[in-house]
1. Can you find, within segment A:89-114, the residue that is farthest from the other protein chains (Cβ to nearest Cβ) among those that are out of contact with any helix residue (DSSP H, G or I) (no Cβ under 8 Å at 6 or more places or on another chain) and more than 15 Å from A:Ala158 (Cβ to Cβ)?
2. Is it true that some residue in segment A:22-29 is surrounded by fewer than 16 Cβ atoms within 10 Å (Cβ to Cβ) and either closer than 26 Å to B:Ala97 by Cβ or in contact with a helix residue (DSSP H, G or I) (Cβ under 6 Å, 6 or more places away or on another chain) (or both)?
3. Among the listed residues B:Arg83, B:Arg91, identify the single one that is within 11 Å of chain A (Cβ to nearest Cβ), over 16 Å from the mean Cα position of the chain (by Cα) and either modelled with pLDDT of 95 or more or in a loop (DSSP other than H, G, I, E, B) (or both).
4. Read through the list (1) more than 24 Å from B:Ile16 (Cα to Cα); (2) without any contact (Cβ under 8 Å) to a residue 60 or more places away in the chain, then give the number of the only condition that B:Gly188 fails.
5. Condition first: within 22 Å of the chain's Cα centre (by Cα) and either more than 13 Å from every other protein chain (Cβ to nearest Cβ) or touching a residue at least 24 places away in the same chain (Cβ under 8 Å) (or both). Can you find one or more residues in segment B:3-26 that meet it?
6. For a quick check of your reading of the model, give me the residue pairs whose first member lies in segment A:126-144 and is of a type in the set (Gly, Ala, Ser), whose second is part of a loop (DSSP other than H, G, I, E, B), with beta-carbon atoms closer than 7 Å and at least 6 apart or on different chains.
7. Taking segment B:254-265 as the search range and keeping residues that are in contact with a helix residue (DSSP H, G or I) (Cβ under 8 Å, 6 or more places away or on another chain) and within 28 Å of B:Leu301 (Cα to Cα), which one is surrounded by the fewest Cβ atoms within 10 Å (Cβ to Cβ)?
8. What strands (runs of 3 or more DSSP E) lie completely within segment A:26-73 and have 2 or more residues being in contact (Cβ under 8 Å) with a residue 24 or more places away in the chain, facing another protein chain (nearest Cβ under 8 Å) and not β-branched (Val, Ile, Thr)?
Amino acid sequence: MDLVINGKPVSVDVDPRVSLLDLLRERLDLPGTKKGCNQGACGACTVLVDGERILSCLGLAVQYEGRSVTTVEGLAEDGSLHRLQQAFIDHDGFQCGYCTPGQICSAIGMAAEARRGLPSFVTADLDGDPVPLSGEEVRERMSGNLCRCGAYNGIVAAITETFAEDVR
Amino acid sequence: MIPFAYQRAGSVAEAIAVAARPQSKYLGGGTNLVDLMRETIEAPAHLVDVTGLSTAIEDTDNGGLMVGAGVRNTALAEHPAVRSRFPLLSRAILAGASGQIRNMATVGGNLLQRTRCAYFYDDAARCNKRAPGAGCDAVGGFNRIHAILGASPACVATHPSDMCVALAALDVTVHLDGPDGGRTVPFGDFHLLPGDSPDVETVLRPGELITAVEIAAQPLAARSTYRKVRDRASYAFALVSVAAAIEVDGGTVRDVRIALGGVAHKPWRAHAAEAALIGQPARSDSFRHAAEAELAAAAPLSGNGFKVELAARAITAVLDDLVEERA
């Protein structure tokens, strides 16, 4: 089957049992995406598919034929880190780093959701206007990404700073 | 995971024909089914991917909405008609799972996720869902999160969906298609209480496919909300949740809809509470009385007695918020 990974066309022959996560890590030499719980509870495996964040551990690779997948390896451009990657460094948004690729991919998808007006559980009204990313909004919207080191303060700071200008 | 064949269906007719093979299952977003396959709780020989079918949300002739079974949870929560006409549904969906899972999960799949508890996943435990007749280790075990209404000695698990609690409070019809043709089922009849056969969770017949969920027009629902009480602020199943809509005229309750999550094997429509409220003053004491009328039938287990009072307070608080326009 054919799909696009980090902007490059890829053609693979894959057993239906293989998750998108295992395809990335074991077959395509892209170990940046992490396997934490492998059951949809931790968010470490978050990738972007056509710009939307999903859990690659719960997706069968065959379901993503023809789609465009972005992993943490595909975020830097021309040798420069994505601005959110730099913000994670600036704000010390990690300790062991294992959840970081999932946190970063998830946050990029999350910011796009807020920009287009998707409310969250803590959004006061449902009018569909772009939602400013307060600390409370970021914590709710990022609740599917666990950090067992507890680096949440740095993570939230990195995300809110990076996307603060996107929605005013 | 045992080997299986995968096929993406191009049409409902094709999906039903392909799924006529033994041990076939339809695949939506996979957020529950893939996990259960990995745990070998589900072991289909054929997976028929139906995520590309019926992905539209359309207005119906009578002012309702027809929601395709392949619509992702995020898309339903985000739809302008849902946000404005059925806010309890948007709120309920946004209270469920995580952003990533809501982007994957489909409406049809949300209805068909398994009613489950930790013992269901534990193959060292007895579970009548995994092995009918084996017994239930939750009844005498750690049952803090389990059911207080409609349970049986065979199963005390609760339905995990938030979206379905909102649907239970509305006038909703499930559209099915299958080897013997199409039919519709009222949402309240779709899921089953455990009885003696908790392994059977819905009225779906072999090979039947959910094609759409139809939400009837309901002006009452414009004033509605969803509250979820859980052990942590986000990304946890409900201890108790309440979906409610109310219409008040001159201080009197003209119409009201209440459904509960986290308390039963299926999304629990609170008919007794609704009946107790119609025609009553729209005040806290009426709401509390109605909640108690519903919970009179509660049969808590050793570890979940707190849910009875929690549910009573949650119902009262949600109705208070609605009539005082805080929600």
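The values are calculated or read from the model by the stated rules, or taken from the named source; none is laboratory data. Here the structure is a predicted model, which means the values were calculated and not measured. Note that each Cβ is placed from the backbone with ideal geometry, even for glycine, and that neighbours are counted across all protein chains shown.
1. Taking the candidates together, the pick is A:Cys96.
2. Within segment A:22-29, none of the residues are surrounded by fewer than 16 Cβ atoms within 10 Å (Cβ to Cβ) and either closer than 26 Å to B:Ala97 by Cβ or in contact with a helix residue (DSSP H, G or I) (Cβ under 6 Å, 6 or more places away or on another chain) (or both).
3. Values: B:Arg91 fails: over 16 Å from the mean Cα position of the chain (by Cα).
Only one candidate passes the filter, namely B:Arg83.
4. (2)
5. So far as segment B:3-26 goes, yes, one or more of its residues are within 22 Å of the chain's Cα centre (by Cα) and either more than 13 Å from every other protein chain (Cβ to nearest Cβ) or touching a residue at least 24 places away in the same chain (Cβ under 8 Å) (or both).
6. So the pair list comes out as A:Gly128/A:Gly117; A:Ser143/B:Ser98; A:Ser143/B:Ser234; A:Ser143/B:Tyr235; A:Gly144/A:Gly43; A:Gly144/B:Ser98; A:Gly144/B:Tyr235.
7. So, considering only residues that are in contact with a helix residue (DSSP H, G or I) (Cβ under 8 Å, 6 or more places away or on another chain) and within 28 Å of B:Leu301 (Cα to Cα), the one surrounded by the fewest Cβ atoms within 10 Å (Cβ to Cβ) is B:Arg257.
8. Fully inside segment A:26-73 and qualifying: A:52-55.
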